[in-house]
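Read through the structure below, which is laid out as structure tokens, and then see the notes.
The values are calculated or read from the model by the stated rules, or taken from the named source; none is laboratory data. Keep in mind the model is a prediction, meaning the values are calculated, not measured. Note that each Cβ is placed from the backbone with ideal geometry, even for glycine, and that neighbours are counted across all protein chains shown. When the accessible area is computed, the model is the full protein with side chains, heavy atoms only, and any ligands, DNA or RNA have been set aside. Shrake-Rupley method; radii C 1.70, N 1.55, O 1.52, S 1.80 Å.
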Amino acid sequence: MKDKSTLFSALANQAIETPSWGYGNSGTRFKTFAAPGAARTVWEKIDDAAEVHRITGIAPSIALHIPWDKVSDFTELAGYAESKGIKLGAINPNVFQKDEYKLGSIANPDPAVRAGAVEHLLECVEIMNQTGSRDLSLWFADGINYAGQDNFRRRKRVVRESLQTVYDHLPEGKRMLLEYKFFEPSFYFTDVFDWGIALIHCQALGPKAQVLVDLGHHAQSTNIEAIVAMLLDEGKLGGFHFNARRYADDDLIVGTTNPYELFCIYNELVAADGDDDQQVAKTAQNVAYMIDQSHNIEPKLEAMVQSVLNCQEAFAKALIVDQAVLARAQEAGDILGAHRLLNEAFQTDVRPLIREFREHQGLPIDPIRELQSSRHLKQAIETRGTADAGGGYPTE
Ligand code: PSV
Ligand code: MN
């Protein structure tokens, strides 16, 4: 069992990256409801992310989406973020919004389209050098809609070829995180459709390539914590996109529909962090925790703060699992004893512990109330107004 100071230092080291696209009016292919005070520029998105960090103390960076967040000088943008107390995090390229990507980007049958997509990915590597970002976070909408439309294996080979080119340009210390998604926007087959193919690509590419698990990108009932455990054990878990799903990629606030799942995932991470195998422990320690949600009807900033707090609560519950006692119960074949032990941690009310932690860190005790009465929120609503939301994803 961990003592309080160990728990506090683990809670203080927790870092959840928030996404720039969660602060603007964006994120649904149906109607995007304009939110009063929503950020209109990447500078305002940084201001919002900094406020989430000020209030929670555990959201020290913001992920960028290129070209949505493109600026002429990324060094200046990094300096601006720093002046606000946060860092620029993962760079997310966009190879899914141009007309030429109708048949795919890095898996497109046309070599010229593939080359253009790779060029954009390399541009993003260059941006990472300017922003000081560690991770290139890759998601491909590539896929096909009908049996016979294209050749699975040819596509797999060109995906590998393109990824290899990008991998070879990644400076030491930088990583490529490969995100999988089982369907949508392609419905018959998606080129990077599950953790198996993502792992195969990453293993072939080398140590700088790791898999990214987006909680929304699995079929109903998939055991995500088991996937997490397998990837950790292979040294190949690079990061998360947190959100909650009911049916598919619903982008709901993490930990709302499925708090037990989130807890079980954190439990695997905490267990791996303490593993005797140094490679497993190191992999767990380097996992990038990122939120990937675009809130449409919820108040945006409040939703983001809530997301960070839900992660904190799940993590705190995982921290109090007695891993040694659990291992003994497992070895003894004590099926229900082991299960109860895990559940006791899940059922523990960790809110008093977290409140004490906040007090200790000089953080607001009630982050939601702090946000609701903050000058930042008031000013955002007054000065930014309600921008025209349009519909669907932002365009260039
Ligand atoms: C795709 O559904 C995804 O999860 C990818 O991570 C994108 O980068 C993100 O959503 C925003 O479109
Ligand atoms: Mn994602």
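One table, with the values for the structure above:
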read-out	value
Options GLN278, GLN312; residue that is in contact (Cβ under 8 Å) with a residue 60 or more places away in the chain, away from ligand 1 (no atom under 16 Å from the Cβ) and of a type in the set (S, T, N, Q)	GLN312
Sole residue being in contact (Cβ under 8 Å) with a residue 24 or more places away in the chain and under 26 Å from TYR266 (Cβ atoms), chosen from LEU170, LEU205, LEU138, LEU163	LEU138
The range 225-257, residues that are among the aliphatic types (A, V, I, L, M), within 13 Å of ligand 1 (Cβ to nearest atom) and within 24 Å of LYS174 (Cβ to Cβ)	none
Residue list for the range 251-277, filter: hydrophobic (A, V, I, L, M, F, W, C) and in a helix (DSSP H, G or I)	LEU262, PHE263, CYS264, ILE265, LEU269, VAL270, ALA271, ALA272
Hits in the range 157-198 (condition: part of a loop (DSSP other than H, G, I, E, B), more than 16 Å from ligand 1 (Cβ to nearest atom) and not small (Gly, Ala, Ser))	LEU170, PRO171, GLU172, LYS174, TYR188
Subset of the range 9-38 [open to solvent by 10 Å² or more (accessible area, probe 1.4 Å) and either assigned to a strand (DSSP E or B) or aromatic (Phe, Trp, Tyr) (or both)]	GLU17, TRP21, PHE30, LYS31, PHE33
Residue ID - surrounded by the fewest Cβ atoms within 10 Å (Cβ to Cβ), chosen from residues in the range 336-354 that are without any contact (Cβ under 8 Å) to a residue 40 or more places away in the chain and of a type in the set (Val, Ile, Thr)	THR348
Qualifying positions in the range 380-390 - open to solvent by less than 90 Å² (accessible area, probe 1.4 Å) and assigned to a helix (DSSP H, G or I)	ALA380, ILE381, ARG384
Tabulated pairs, the range 11-30, first over 27 Å from ASP388 (Cα atoms) and without any contact (Cβ under 8 Å) to a residue 12 or more places away in the chain, second surrounded by 19 or more Cβ atoms within 10 Å (Cβ to Cβ) and among the hydrophobic types (A, V, I, L, M, F, W, C), C-beta under 6 angstrom, 6+ apart or interchain	none
Filtered residue count, the range 82-101, keeping only those that are open to solvent by 20 Å² or more (accessible area, probe 1.4 Å) and closer than 18 Å to PRO67 by Cα	6
All positions within the range 200-224 that are of a type in the set (D, E, K, R) and either within 16 Å of ligand 1 (Cβ to nearest atom) or open to solvent by 40 Å² or more (accessible area, probe 1.4 Å) (or both)	ASP214
Some residue of the range 355-377 being assigned to a helix (DSSP H, G or I), touching a Pro at 6+ places or on another chain (Cβ under 6 Å) and surrounded by 12 or more Cβ atoms within 10 Å (Cβ to Cβ)	yes
Residues satisfying the stated conditions in the range 167-199, i.e. more than 16 Å from ligand 2 (Cβ to nearest atom), over 17 Å from GLU225 (Cα atoms) and surrounded by fewer than 16 Cβ atoms within 10 Å (Cβ to Cβ)	ASP168, HIS169, PRO171, GLU172, GLY173, PHE187, TYR188
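Yes/no per residue for (1) under 17 Å from PHE193 (Cα atoms); (2) in contact with a helix residue (DSSP H, G or I) (Cβ under 7 Å, 6 or more places away or on another chain):
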site: GLN130; (1), (2): no, yes
site: LEU138; (1), (2): yes, no
site: TYR146; (1), (2): yes, no
site: PHE152; (1), (2): yes, no
site: ARG157; (1), (2): yes, no
site: LEU163; (1), (2): yes, yes
site: TYR167; (1), (2): no, yes
site: LEU170; (1), (2): no, yes
